[in-house]
Amino acid sequence: MDFDALIAELRTLRDNVAGVTDTVIAAVDGIPIVADAARSIDPAEVSALAAANLGIARQAAEVTGKGTLRQTVVFSSDGYMAVYAIDRRALMVIMGDRQLNVGRLLFECRPVIDRISSILAA
């Protein structure tokens with residue numbers, strides 16, 4: 001697996017979207033693959049929480065018949081945590097501060113997710 005290419009994609013996302021502070025790519029079982037995050041962020045803890053979040057959201061999408069889940073966003077008083085599905089194998093977590101432009105994040109993430117999916121599949 002090309003970990004350098006994965007980190008490059010995460011850093012590009014951080015550079016292109018104001019307010020992104022930390023990023024993690026993990027397997028859907030919650031095992032971290034790679035992180036570009038502050039030392040205060042535990043990638044294993046974030047990955048486990050994101051996997052649980054994604055699993056519940058996937059069930060909600062299935063039960064309601066609203067199609068394939070793409071993302072969830074947690075809005076907190078001091079920022080955001082967005083979890084994106086990458087195929088059925090992996091997920092990407094984006095954390096941001098209060099200045100995070102969520103609309104820009106949604107716009108920028110789709111091509112990044114496609115590239116990450118290709119890297120993971122190689």
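Values computed for the structure shown
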item	result
Condition check for Ala52: surrounded by fewer than 16 Cβ atoms within 10 Å (Cβ to Cβ), of a type in the set (Gly, Ala, Ser) and over 17 Å from Asp2 (Cα atoms)	yes
Residues of the stretch 41-62 satisfying the condition of being in contact with a Pro (Cβ under 8 Å, 6 or more places away or on another chain) and more than 18 Å from Tyr80 (Cβ to Cβ)	Ala44
Boolean, Val17 is over 25 Å from Ala121 (Cα atoms), among the hydrophobic types (A, V, I, L, M, F, W, C), surrounded by 13 or more Cβ atoms within 10 Å (Cβ to Cβ) and over 12 Å from the mean Cα position of the chain (by Cα)	yes
Which listed residue, of Ala35, Ala26, is touching a residue at least 12 places away in the same chain (Cβ under 8 Å), within 11 Å of the chain's Cα centre (by Cα) and open to solvent by less than 20 Å² (accessible area, probe 1.4 Å)	Ala26
Residues of the stretch 87-122 satisfying the condition of being in a helix (DSSP H, G or I), under 15 Å from Ala27 (Cα atoms) and hydrophobic (A, V, I, L, M, F, W, C)	Ile113, Ile116, Ile119, Leu120, Ala121
Within the stretch 1-40, considering residues that are part of a helix (DSSP H, G or I) and among the charged types (D, E, K, R), the one farthest from Val83 (Cα to Cα)	Asp4
Residue within the stretch 89-106 that is touching a residue at least 40 places away in the same chain (Cβ under 8 Å), exposed (fewer than 14 other Cβ atoms within 10 Å of the Cβ) and under 13 Å from the mean Cα position of the chain (by Cα) present	yes
The stretch 74-87, residues that are under 14 Å from the mean Cα position of the chain (by Cα) and either under 13 Å from Ala51 (Cα atoms) or of a type in the set (D, E, K, R) (or both)	Met81, Ala82, Val83, Tyr84, Ala85, Ile86, Asp87
Pairs where the first residue, in the stretch 55-71, is free of Cβ contacts under 8 Å to residues at least 40 places away in the same chain and open to solvent by 100 Å² or more (accessible area, probe 1.4 Å) and the second is part of a helix (DSSP H, G or I) and aliphatic (A, V, I, L, M), C-beta under 7 Å, 6+ apart	Thr68/Ala61
Failed criterion for Val46 (all others in (1) modelled with pLDDT under 95; (2) buried (at least 16 other Cβ atoms within 10 Å of the Cβ) hold)	(1)
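The values are calculated or read from the model by the stated rules, or taken from the named source; none is laboratory data. Everything numeric here is computed off the predicted structure, so don't read it as measured data. Cβ atoms come from the backbone with ideal geometry, glycine included; neighbour counts cover every protein chain shown. Only protein heavy atoms, including side chains, enter the accessible area calculation; ligands, DNA and RNA are left aside. Shrake-Rupley method; radii C 1.70, N 1.55, O 1.52, S 1.80 Å.
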